[in-house]
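Worksheet: the structure to be examined is printed underneath.
The values are calculated or read from the model by the stated rules, or taken from the named source; none is laboratory data. What you are looking at is a predicted structure, and each value in this text was computed from that prediction instead of being measured. Because the Cβ atoms are built from the backbone with ideal geometry, glycine has one as well, and the counts that use them run over all protein chains shown. The accessibility values were calculated without ligands, DNA or RNA, using every heavy atom of the protein model including side chains. Shrake-Rupley method; radii C 1.70, N 1.55, O 1.52, S 1.80 Å.
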Amino acid sequence: MRTTRVIDMLEVTEAAARAAGRWIGKGDKKAADAAAVEAMRAAFDRVPIDGEVVIGEGERDEAPMLFIGEKVGGGGEAIDIAVDPLEGTNLTAYAQANSLAVLAFAPGGTLLNAPDTYMWKIAAGPAAADAVHIDASPTENVRNCARALKKPVEDLVVCILDRDRHKDMIAEVRAAGARVRLISDGDVFGAVATSIEGTGIDLYMGAGGAPEGVLAAVAMRCIGGCFMGRFAFRSPEERVRAEHMTKCDLDGVLDMNCLVNTDEAAFVATGVTDGEMLRGVRENHKGWRTHSVLMDGQTGIVRFVDTTGRAGTQKSGMWIG
């Protein structure tokens, strides 16, 4: 992907983050999400692409925009787009850490059109990419990850969504000697954080949304980490829908070659609320400031971008570090 295209997409996530940012702490997650969706959809119109949403806000009858199959962009190269305009709606509504505006993109036909079901997931950074596996036990993964990272098990931090379905996993991880970092929402952050120095997260495990799994897989492929998944259907109807949406083995391991079948992918996320990976939106009568991460699979380069803009204008300054 050309750098210019990645920057185009950065402006899309910045628009969504800024719109959601106006709802931080107001206790209305639906309004925050709607604002992010509307702003992201409008921003896509300014991007010279022929994009198709393969991961979005749901089916056409469930979502007014950014629905699966919707065409976006002003015309140009054909690309697949996966979006989560506001990952962590509750996090935004209640001013909690690590809500993000997220998208991933790749050449047409290369991103998995994941059904809206659960997926068991595991993610680790580049140093431990070959040490963990979705079918290994939590104890085995903890020990193998610690060994790969050359750190004591007692210092290993495992990120897990705070859900009843994870009670046994959490207990086993702690029994193995590792630490658990529970998060209330936002498992794209949890997976990607394993590859970002300074987040304090070494390993991610647990079940979350399958569409979010594709977003995380793109990021991990760009950065050289590991992501694996396995579908966890909640009903026969979900399985039937999946059969029509994907050619992957529905009962097998979903590796990164299945989830994102190209190295020409990119991942972009802009912080909405402050977190370990990104700072949140800052906006007042004088102007605005955002903090984002860009991952380019073609180059393997990860950039952190600090953008500022004057009030009442789209013009901005940018520092890339």
Of all residues making up the range 130-183, the number that are touching a helix residue (DSSP H, G or I) at 6+ places or on another chain (Cβ under 8 Å), part of a loop (DSSP other than H, G, I, E, B) and open to solvent by less than 50 Å² (accessible area, probe 1.4 Å): 8
Tabulated pairs, the range 115-143, first within 30 Å of GLU59 (Cα to Cα), second among the polar types (S, T, N, Q) and outside any helix (DSSP H, G or I), C-beta under 8 angstrom, 6+ apart or interchain: PRO115/THR246
Extreme residue, nearest to GLU11 (Cα to Cα), among residues of the range 278-293 that are of a type in the set (A, V, I, L, M, F, W, C) and open to solvent by less than 10 Å² (accessible area, probe 1.4 Å): VAL293
Qualifying positions in the range 114-129 - of a type in the set (Ser, Thr, Tyr) and open to solvent by 20 Å² or more (accessible area, probe 1.4 Å): TYR118
Cβ-Cβ under 8 Å pairs, at least 6 apart or on other chains, the range 73-95 side among the aromatic types (Phe, Trp, Tyr), far side assigned to a loop (DSSP other than H, G, I, E, B) and open to solvent by 10 Å² or more (accessible area, probe 1.4 Å): TYR94/GLY25; TYR94/GLY27
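If you go through the range 203-216 one residue at a time, how many are open to solvent by 10 Å² or more (accessible area, probe 1.4 Å) and either in a helix (DSSP H, G or I) or touching a helix residue (DSSP H, G or I) at 6+ places or on another chain (Cβ under 6 Å) (or both)?
We begin by selecting, within the range 203-216, every residue open to solvent by 10 Å² or more (accessible area, probe 1.4 Å); these are 209, 211-212.
Filter again for either in a helix (DSSP H, G or I) or touching a helix residue (DSSP H, G or I) at 6+ places or on another chain (Cβ under 6 Å) (or both), leaving 211-212.
The qualifying residues number 2.
Given PRO115, PRO64, which one is within 18 Å of the chain's Cα centre (by Cα) and not small (Gly, Ala, Ser)?
PRO115
Against the condition in contact with a Gly (Cβ under 7 Å, 6 or more places away or on another chain) and not small (Gly, Ala, Ser), how does VAL293 come out, does it pass? I'd like the intermediate steps shown before the answer.
Details: in contact with a Gly (Cβ under 7 Å, 6 or more places away or on another chain): no; not small (Gly, Ala, Ser): yes.
No.
Go through the range 217-259 and give me each residue that's assigned to a helix (DSSP H, G or I) and touching a strand residue (DSSP E or B) at 6+ places or on another chain (Cβ under 6 Å).
So in the range 217-259, the residues assigned to a helix (DSSP H, G or I) come out as 217-223, 236-245, 256-259.
Correct list: ALA217, VAL218, ALA219, MET220, ARG221, CYS222, ILE223, MET256.
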Total residues in the range 72-113, condition assigned to a strand (DSSP E or B) and surrounded by fewer than 21 Cβ atoms within 10 Å (Cβ to Cβ): 3
